[in-house]
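Here, each number is a calculation from the coordinates, and none is a lab measurement. All values derive from a computational prediction rather than experimental measurement. Because the Cβ atoms are built from the backbone with ideal geometry, glycine has one as well, and the counts that use them run over all protein chains shown.
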């Protein structure tokens, strides 16, 4: 009686009734029978339909009770629909050809946010494929009901999926810090697919797009979203600056040989770290090195002076400073710094756009780290499809199907 009442309370079975409940060593089986007083409906279009015949019994896995597996047993009826022909009837506790209830799918998917899918399968006595199908069902529903009506500022970045240059391109909502879209590879076609899926009406609402300076990104954004302000991400710019500083260090070591190499050994991060993040030992060594006539000192001073650029609130003031810094860098006699300065000059318009629309991919970097944790937790994914749907599931903030009772 208790299992029968719990089934009624936790499942949407309108038009059906709970029959006999049986228990054995394999679990609990609950018989579901049709209520003849209710109409039958087509599972494809939802229209009322006429009874045709009854199929053999099917078993649907339900949420376990006290750790005991629960199965629903039902013999589906086929109906003759005026629109779709002969189809299996609609029953509310499951969708498609899945052999588990929507409540069980929600239950497994909730645990799959916290644990690797393999562990979830072991914990609840089902297959890895069942967990994957449950997550897939929840994600498909979420993507079909995803609300992007308030999507105005997006950040575009890529993450490495496995060793080698194997990437996923991720698009994030900068206002809500959620994953909006993810696609395989890092190509012009990938980002084009995102804008195609977004559609013209939502593209028109975009006000700002933050990305790195990779040419295929910028070409597609300018072509597909010309009204949006494109802002080059400040963190990527700083990364390029740090690479230039480090290249100066490397070049100087090659020029001056082993003696100089011993002098600046283990100093790479001293030049790249923020001054306030240096340890006492690093700060003391930096102070000693600054007294020497080293090229890396000039590169370091240029790097630190560039920090002032981001402090301006006015585009005009930022432009004036950038012009001065460009002159300093191009007259520094340091090729890597000169190359960086000319890169800034070529990309100046979209770099200065930051002062009209101060958006950055700072939150995106944090979300990318979360995506890597998801991959590490699962010891990697066999396919990009599995990785992408897990990212949607854990980071997409997707709506979920309504169920009568939340078990997790």
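A few remarks follow.
- In percent, rounded to a whole number, the relative contact order of the range 267-365 is 21, using alpha-carbon pairs under 8 Å and six or more apart.
- The fewest-to-most ranking of 160, 332, 287 by surrounding Cβ atoms within 10 Å reads 287, 160, 332.
- Acute angle (nearest 10 degrees) that the helix 335-346 long axis makes with the longest principal axis of the chain, alpha-carbon atoms: 60 degrees
- Part-to-part distance (alpha-carbon centres) for the range 128-195 and the range 59-99, which is given in Å: 31 Å
- To the nearest ten degrees, helix 295-306 and the longest principal axis of the Cα atoms of the chain are 60 degrees apart.
- Against the chain, whose longest principal axis comes from its Cα atoms, helix 234-263 is set at around 50 degrees.
- If both residues of a DSSP beta bridge must be in the chain, then about 75% of such bridges are antiparallel.
- Taking semi-axes √(5λ) of the Cα gyration tensor in Å as calculated from this structure, the corresponding entry among (i) 34, 31, 18; (ii) 59, 25, 16; (iii) 31, 27, 17 is (ii).
- At R0 = 56 Å, FRET efficiency that the Cβ-Cβ distance of residue 83 and residue 238 yields, to 0.05: 0.40
- Spacing of the two label points (7 Å from each Cα toward its C-beta) at residue 269 and residue 357, in nm: 3.7 nm
- Extension gain from residue 346 to residue 50, taking 0.36 nm per residue of separation minus the Cα-Cα distance: 99.6 nm
- Between 182, 127, 311, the residue with the greatest mean-square fluctuation in the GNM of the chain (Cα pairs under 10 Å linked by springs) is 311.
- Choice from 256, 118, 202 showing the highest fluctuation, given a GNM over the chain with Cα pairs closer than 10 Å: 256
- Of the residues 41, 100, the one with the fewest other Cβ atoms within 10 Å heads the list, and the complete ranking is 41, 100.
- Summarising the label geometry, the points placed 7 Å from Cα in the beta-carbon direction at residue 99 and residue 335 lie 6.6 nm from one another.
- Relative contact order, percent, the chain [alpha-carbon distance under 8 Å, six or more residues apart]: 16 percent
- Under the simplified labelling scheme, the residue 292-residue 256 pair shows an inter-label distance of 0.5 nm, with each label point 7 Å from Cα along Cα→Cβ.
- Cα gyration tensor shape for the range 290-377, rounded if a/c is under 1.5, else prolate or oblate: oblate
- Highest-MSF residue in the chain out of 268, 61, 338 [GNM, Cα springs under 10 Å]: 268
- For the range 2-99, the relative contact order works out to 27 percent when only alpha carbon pairs closer than 8 Å and six or more residues apart are counted.
- Entry note, the chain: the mean residue ellipticity at 222 nm calculated from DSSP H runs of n ≥ 4, each adding -39500 (n - 2.57), is -14000 deg cm²/dmol after division by the residues and rounding to the nearest 500.
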